[in-house]
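To start, the structure under review is shown below, and the notes come after it.
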Amino acid sequence: MSKQDLIDWIQRHEFRFTDMAQQIWDHPQVAYEETFASQLQMATLKEVGFKVTTDVGGVSTAFIAEYGIGSPIIGILGEYDALPGLSQAVNAVREEIIQSGPGHGCGHNLLGTAGVEAVIALKEIMEQEGIQGTIRYYGCPAEEVLSGKTFMARAGVFDDLDCALTWHPGTANFVVNMKMQAMVSIKFHFSGITAHAAGAPHAGRSALDAVELMNIGANYLREHTLDGTRIHYVITNGGLAPNIVPDKASVWYYLRASSKGEVEAMLQRVHKIAEGAALMTETQVQHEILAFAYDTLPNDVLNDLMFENMKITGSPLFTEREQEFAQELVDTVDSTIVESSRKLFGNTPDELLPPGYYNLPQLRGTTMGGSTDVGDVSWIVPTGQVMTTCAPVGVQAHSWQATASYGSSIGYKGMHFAAKTMALTAYDLLLNPTFIEQARNEFMINTEGQRYKPGIPDYVQPPAAKKPQNSSSNLVRM
Ligand SMILES: [Zn+2]
Ligand SMILES: [Zn+2]
């Protein structure tokens, strides 16, 4: 079996995985509630002979599916959580399927499914050719809250991997050779003394005042942080009524910077701001860490290999109807955003679904604004990552337009392309230990041989899985 045979096998079985991705899109579940997707994927993998381990890292919707014996051990990372409030039909006008319900605005219905598709294809080829080694699919929940993989990583489940591969739906076919930011997600809970806000205001000590003063302090801090740093917050509890001095108030922060060390340093300063706000208002403050994810460490050896396999696979062709739908979606996006999105790879206005491949050396060493819990895995094991065209240029992730595109044939075509790219790359790694050795050497240089230490503190436990919230039906699809 050659690489072409592997591509052909996937091509013949694509419909099965389109169906899986559609079903997950139809049943969007947010972080730690992804029972539908994890059960569907586990059942599919078990049925074809994978050994499945559940409740990985104490997360009930996390699992590992494994096939083969001995080394090398190649892992493919999948995700399947949806985002709140992004319910949307496959339509170029805003049309919620469930009012304020969740939706796959980050395309994780595609992300995990491509991994399942890739490992099942690899199992076929390993059986046919008698290839030695182990392949694993990691079902990773709760990426959107940046913590699923960090709990799995803390449990050591990535430690024996030789290499990890993953991908993400995007608006072009490219290797992710830039970094993404480290991030901490932390809540500050203030407690004060309640009182009648008009009758006895002098008796009150307002927790909301503390939250507001803390935010003012954090906003002043911005000037004195490194370029690219991000500080964002929402007030999750601001009290009950204006005429009651709030004795409880909470604020939720995300702090991002280009390395875990920089985030830690910024966090220490934010703790001082919280303590200062408590002192000023005679309130008490407690904090609660929800997530702490590393920055991503790209691996050029793996990324370059994935790039070569992208070119061998060949990017999908989109029909006239898909191009029209892409245009309709882009027409709903602010033109300045569309224009700035085109700039990254120099796409013309006609290139709504760019067929090209990009591996830009100038992006190496740069850092994107966002974060992912793939970061933790990338500091444990050499990790390769690509993006493929699953939505038109200009459509932003985490938008209703993205949900629409990821539920359409545009998204499914990009997903199959990613599955083939990952399968071909894993095939190379199984057959050629030199690639693994080179990837490992690069990794050792970049990490300076330091062992990964989890960012998430020992006392932080994953949230218990909640009951599934919403599911949708009667969908309009392309
Ligand atoms: Zn996302
Ligand atoms: Zn995502």
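Computed from the coordinates by the stated procedures, all read-outs in this text should not be read as laboratory data. Remember, it's a predicted structure, so these values are computed and weren't measured experimentally. Positions of Cβ are backbone-derived with ideal geometry, glycine not excepted, and every protein chain shown enters the neighbour counts.
Numbers at a glance
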{"quantity": "For G370, distant residues with modelled amide H under 5 Å away", "calculated": "Q181"}
{"quantity": "Cubic angstrom per residue, convex hull over Cα atoms of the stretch 159-226", "calculated": "230 Å³"}
{"quantity": "Within the chain, percent of DSSP bridges classed antiparallel, to nearest 5", "calculated": "65 percent"}
{"quantity": "Shape call, the stretch 297-356: gyration tensor on alpha carbons, a/c limit 1.5", "calculated": "oblate"}
{"quantity": "Calculated from backbone phi, Karplus (6.51, -1.76, 1.60) coupling profile of the stretch 328-336 in Hz, x at Gly/Pro", "calculated": "4, 5, 5, 4, 8, 9, 3, 5, 5"}
{"quantity": "Degrees separating the helix 35-47 axis from the principal Cα axis of the chain, which is the longest one", "calculated": "20 degrees"}
{"quantity": "Debye intensity ratio I(q)/I(0), log10, the stretch 266-386, q values 0.13, 0.16, 0.18 Å⁻¹ (C-alpha model)", "calculated": "-0.81, -0.99, -1.11"}
{"quantity": "Distance between the stretch 220-296 and the stretch 23-69 - C-alpha centres, whole angstrom", "calculated": "34 Å"}
{"quantity": "Cross-link table K311/K343; K51/K311; K179/K248, entries beyond 27 Å C-alpha to C-alpha", "calculated": "K51/K311; K179/K248"}
{"quantity": "Simple spin-label estimate for A197 and T225 in nanometres, 7 Å along Cα-Cβ", "calculated": "2.9 nm"}
{"quantity": "For the stretch 9-25, 3J(HN,Hα) per residue [Karplus equation, 6.51 cos²θ - 1.76 cosθ + 1.60, θ = phi - 60°, Hz, x = Gly/Pro]", "calculated": "4, 4, 4, 5, 10, 3, 4, 4, 7, 4, 4, 4, 5, 5, 4, 5, 4"}
{"quantity": "Sequence-distant residues sharing a close amide H with G105 (under 5 Å, placed H)", "calculated": "L83"}
{"quantity": "Sparsely packed GluC sites (Glu not before Pro) within the stretch 91-170, loop by DSSP, other Cβ within 10 Å at most 15", "calculated": "E95"}
{"quantity": "Where the Cα pairs of the stretch 105-194 fall when distances are cut into 5 Å bins, in %", "calculated": "2, 9, 15, 19, 20, 13, 8, 5, 3, 2, 2, 1, 1, 0, 0"}
{"quantity": "Between 0 and 90°, nearest 10: helix 409-431 axis offset from the chain longest Cα axis", "calculated": "70 degrees"}
{"quantity": "Hydrodynamic radius by Kirkwood, which averages 1/r over all alpha carbon pairs of the stretch 92-132, in angstrom", "calculated": "13.2 Å"}
{"quantity": "Inter-centroid distance (Cα atoms) of the stretch 118-153 relative to the stretch 186-214, Å", "calculated": "49 Å"}
{"quantity": "Kirkwood hydrodynamic radius of the stretch 381-436, Cα pairs, Å", "calculated": "12.9 Å"}
{"quantity": "The chain - Debye-derived log10 I(q)/I(0), Cα point model, q = 0.05, 0.14 Å⁻¹", "calculated": "-0.19, -1.38"}
{"quantity": "HN-Hα J in Hz across the stretch 157-168 - Karplus 6.51, -1.76, 1.60, θ = phi - 60°, x for Gly and Pro", "calculated": "6, 9, 4, 8, 6, 8, 8, 10, 10, 7, 7, 8"}
{"quantity": "Where Rh is the Kirkwood radius over Cα pairs, Rg/Rh for the stretch 8-99", "calculated": "1.03"}
{"quantity": "At R0 = 60 Å, FRET efficiency that the Cβ-Cβ distance of I98 and N441 yields, to 0.05", "calculated": "0.75"}
{"quantity": "Two-site FRET efficiency, D8 against E308, from Cβ-Cβ distance with R₀ of 22 Å, rounded to 0.05", "calculated": "0.70"}
{"quantity": "The stretch 182-293, Rg to Rh (Cα coordinates; Rh as Kirkwood inverse mean 1/r)", "calculated": "1.03"}
